[in-house]
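Laboratory data are not the source of any read-out in this text; all were calculated from the coordinates shown. Values in this document were obtained by computation on a predicted structure and should not be read as measured data. Here the Cβ is made from the backbone with ideal geometry for all residues, glycine too, and neighbour counts use every protein chain on show.
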Amino acid sequence: MKLEIKNVTKTFREKIAVNNFSMKLKPGECVGLIGPNGAGKSTLIKVIADIIDPQAGEVLLNGKKISKMKREIGYLPQYPNFFHWMTAKETLTFMGQLSGLQKKELTISIPEILTKVGLKGEENSKVGTFSGGMKQRLGIAQALLHKPSLIIMDEPVSALDPIGRREVLNLIEEIKKDTTILLSTHILGDAEEICERFVIIKNGTKIEDTTITELLNRNSKNKIYVEITAKDQEWIDVVKKLPFVEEIEVIGHKVKIIVENIDKNKNVILENALEHEVDIVKFEIHNDTLEEIFLKLVVGNE
Amino acid sequence: MWKMQLHYGFDELKNFDFMAVIPIILPFIAVGIFLVLLALIDLYRYRKTRESVLMWTVIILFVNTLGPILYFVIGRKDSERL
Amino acid sequence: MNKFIVLLKKEFVQMLRDLKVIWLPIVFIFLGITQPIVTYYLPSILGALGGGQGITIDPSMTAQKGGEVLAATLGSQFDQLGFMILVISMMGIIQTDKANGMLAFILTRPVTVISYIAGKIVSNYLIAAFSVTIGYFVSYLYVNYLFTDVSFSHMITALLFYLVWVLFIVSFTTMISTIFNSQGIIALISIVFLIGCRIIVGLSPVIDFVNSASMSKHAMEVLISGSVNSKAIDNALVTLFWIVLILFVINYWIANKKVNHE
């Protein structure tokens, strides 16, 4: 289903947590909400999950207010907490019945979902004895159980160890096929792995809404890295005089050359280097990594 | 009630008409003991997840009637915060 | 309605696992037995301590009216230690769910706040009412055995009046548990307020009229004098009004997402 977030603003006392935030999710899309700690991700997620009311703005699912569409939402909190005295099966039965599922359906769907999240054999263990990763998987199970059309996950993998993280990421990869997913994270790598589309939020404001490829293309700054040996240092002065070279930066033996048009100019530089019999150690076209772009977006733009 | 008797010497106790009192007091004592046992069994069952098991054992056993109640009301809470 | 049943069932299963369904009634049985026995034996024990001529049971004691003793069970046992235990056992009723995020979690489901509150109050009231009733019945049996008989109809009327006061105790504690975040504060505020209500009973007819604790006094009056005070029904209605008001406050507090989440 289509999710629309319209001009949502939420303040806590004086502090603005989410500031006039809008975005749209198409059905079946997977969107990563990225931002540093304290950027307002959790608050925004809670507004979308209808846990807290925004001061202004609204959240619509298929054009209807989210509070009327709770049946269609699966929510995974940052630290899923269940009644420790319930078993995994009881927890899912309880949550499932709250979503309006019948006992009959649940007797079939609960074993299925527990197998899917890898908790088969634990259905009668008390949740109180579960590890963080197991709780997270149970959290995902309860979010999926009623087959919602929108799944909202708040930091689904941040608190897990590498193995648990891997398991949960694989699980999300699988459920991505049938549902709209919105997940928040402060670790870029996680979002990069699962989602095509990113929304970067900082101080409660949306500062970027794009796809990975677009972000990379836009931020590849037409840079060429050439690594040369010490005897060819004077070639750098030659390159500086080339008309299309905008900027040059020398770090040891590495030369970073920013040109007007990478496609047209890269071969000219290479030819030029060969003409001058430069001993090339490395010649590469350099793109900023997502990490670098992310840092630039978040730390910059002050 | 039976606690109060502890303050008396044996001489006074001899004069006490036990036969008249026992049928009335016995259920009273039984209920008290049952409460203590219930609390102890529960504490033993969850001994691994509870903090200060020893302290609660002492309280249940020696704080008359209020001990087990205190345990159920406050002592069981430790694990619920998980 | 369906969701209410699910939530209610969950509360009962939890009480069963916590053994609350066993220990709370036992506590009230204990309190119920205490009053008749203490009343019956205390004078002779005191006499034995003072005179030292052996413990004998004063036959005049059995002449004390059973109704007065049963009334004292309500007034001296249930209204003191009994209700404190009740309040402390319920102080986390909503606070625990708030603290561990279960309240927010449950409300992301298509569940109305009303069915959530109703599940909490109904379950806790049923167990409280059950405990009070069974403790009271045991006390009644003892009183009839040791003192003069109390008529069955008076006993039941007094119990019904008293249970209205218990409903107020449960609702009020639930409200305080919704608003505040520390169990200590919740217990303190609830106990101080409710004891305050109980103490000021009888000071002025106007206050008595709006004071839910008067229900306890009306219950005792039925047992002692054998007649129902005409104000009792009015007072019950006022109490119900307070309870409805309390439900509105709880609903408003939760529904407006004022609940502290983190």
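Can you give the relative contact order of chain C as a percent, counting alpha carbon pairs under 8 Å and 6+ residues apart?
On the way: 325 pairs, mean separation 70.5, N = 262.
It comes to 27 percent, rounded to a whole number.
With no solvent and one equal point scatterer placed on each C-alpha of the stretch A:1-58, evaluate the Debye formula and give log10 I(q)/I(0) for q = 0.16, 0.18, 0.19, 0.29 Å⁻¹, two decimals.
-0.48, -0.60, -0.67, -1.35
What does the charge count around C:Ala71 come to, taking other residues whose C-beta lies under 13 Å from its C-beta (Lys +1, Arg +1, Asp -1, Glu -1)? Present the calculation step by step, with values, prior to reporting the outcome.
Details: positive: C:Lys65, C:Lys217; negative: C:Glu68, C:Asp79, C:Glu221.
Residues close to C:Ala71 contribute a combined charge of -1.
What number do you get for the stretch B:30-82 when its Cα radius of gyration is normalised by 2.2 N^0.38 Å, N = residues?
Numbers: Rg = 10.2 Å, N = 53, 2.2 N^0.38 = 9.9 Å.
So the stretch B:30-82 has a normalised radius of gyration of 1.03.
If neighbour count is taken as other Cβ atoms inside 10 Å, put A:Glu155, A:Glu275, A:Glu58 in order from fewest to most.
Numbers: A:Glu155 23, A:Glu275 10, A:Glu58 15.
Sorted ascending by nearby Cβ count, the order is A:Glu275, A:Glu58, A:Glu155.
If R0 is 60 Å, what FRET efficiency do you get for A:Asn272 and A:Glu14 from their C-beta distance, rounded to 0.05? Each step should come with its number before you reach the end.
Working: r = 59 Å, r/R0 = 0.98.
Rounded to the nearest 0.05, the efficiency is 0.55.
Roughly how many debye, to the nearest 20, is the charge dipole of chain C about its Cα centre, given +1 on each Lys and Arg Cβ, -1 on each Asp and Glu Cβ, and no other charges?
On the way: 14 positive and 11 negative charges, 191 e Å.
In debye, rounded to 20, chain C gives about 920.
Give me log10 I(q)/I(0) at q = 0.18, 0.19 Å⁻¹ for the stretch A:199-301, Debye formula, one equal scatterer per alpha-carbon, no solvent.
Results for the stretch A:199-301 at q = 0.18, 0.19 Å⁻¹ read -0.85, -0.91.
Taking every residue in A:47-56, how many Cβ atoms of other protein chains lie within 10 Å of its Cβ, on average?
On the way: counts 1, 0, 4, 4, 9, 6, 4, 1, 0, 0.
Mean shielding by partner chains, rounded to a whole number: 3.
Helix-derived [θ] at 222 nm for the protein assembly as shown: sum -39500 (n - 2.57) over DSSP H runs of at least 4, divide by residue count, nearest 500?
Values: 28 runs with 359 residues, N = 646.
Mean residue ellipticity at 222 nm (helix-derived): -17500 deg cm²/dmol.
Between A:Glu246, A:Glu196, A:Glu173, where does the largest GNM mean-square fluctuation fall for chain A, given springs only between Cα atoms within less than 10 Å?
A:Glu246
The stretch A:87-200: D in µm²/s via Stokes-Einstein (Kirkwood Rh, Cα pairs, 10 °C, 1.306 mPa s)? Each step should come with its number before you reach the end.
On the way: Rh = 14.6 Å.
My calculation gives 109 µm²/s for D.
When you take every Cα atom in the protein assembly as shown, what is the radius of gyration, and what is Dmax, the widest Cα pair distance, in Å?
35.2, 128
Quick one: Cα centre-to-centre distance for the stretch B:28-73 and the stretch C:157-197, in angstrom?
Result: 26 Å between the Cα centres.
How far is it, in nm, from the label point at C:Tyr252 to the one at A:Glu291 when both lie 7 Å from their Cα along the line to the Cβ?
Going from the C:Tyr252 label point to the A:Glu291 one covers 5.4 nm.
Mind scanning A:Lys89/C:Lys3; A:Lys104/C:Lys98; C:Lys10/C:Lys120; A:Lys176/A:Lys202; A:Lys68/A:Lys104 and naming the pairs with a C-alpha gap bigger than 20 Å?
A:Lys104/C:Lys98; A:Lys176/A:Lys202; A:Lys68/A:Lys104
Taking just the C-alpha trace of chain C, give me its Rg and Dmax in Å.
For chain C, the Cα radius of gyration and maximum Cα-Cα distance read 20.4, 73 Å.
Pick from A:Lys256, A:Lys120, A:Lys282: which is most flexible by mean-square fluctuation in a GNM of chain A where alpha carbon atoms under 10 Å apart are linked?
The residue with the greatest mean-square fluctuation here is A:Lys282.
Report, in degrees rounded to the nearest 10, the 0 to 90 angle that the Cα long axis of helix A:132-144 makes with the longest principal axis of chain A.
The two axes meet at around 70 degrees.
For the stretch A:3-217, count all C-alpha to C-alpha pairs, find those more than 28 Å apart, and express that count as a whole percent of the total. Could the numbers behind the result be given before it?
Values: 6300 of 23005 pairs.
Roughly 27 percent, once rounded to a whole number.
Report, as an integer, the average count of C-beta atoms from other chains found within 10 Å of each Cβ along C:103-114.
Working: counts 1, 8, 12, 3, 6, 16, 14, 11, 5, 0, 0, 0.
Per residue, the average neighbour count from other chains is 6.
Calculate how large, on average over all directions, the projected area of the Cα convex hull of the stretch C:63-154 is; give the answer in nm² to one decimal.
Numbers: hull surface 29.4 nm².
The number I arrive at for the stretch C:63-154 is 7.3 nm².
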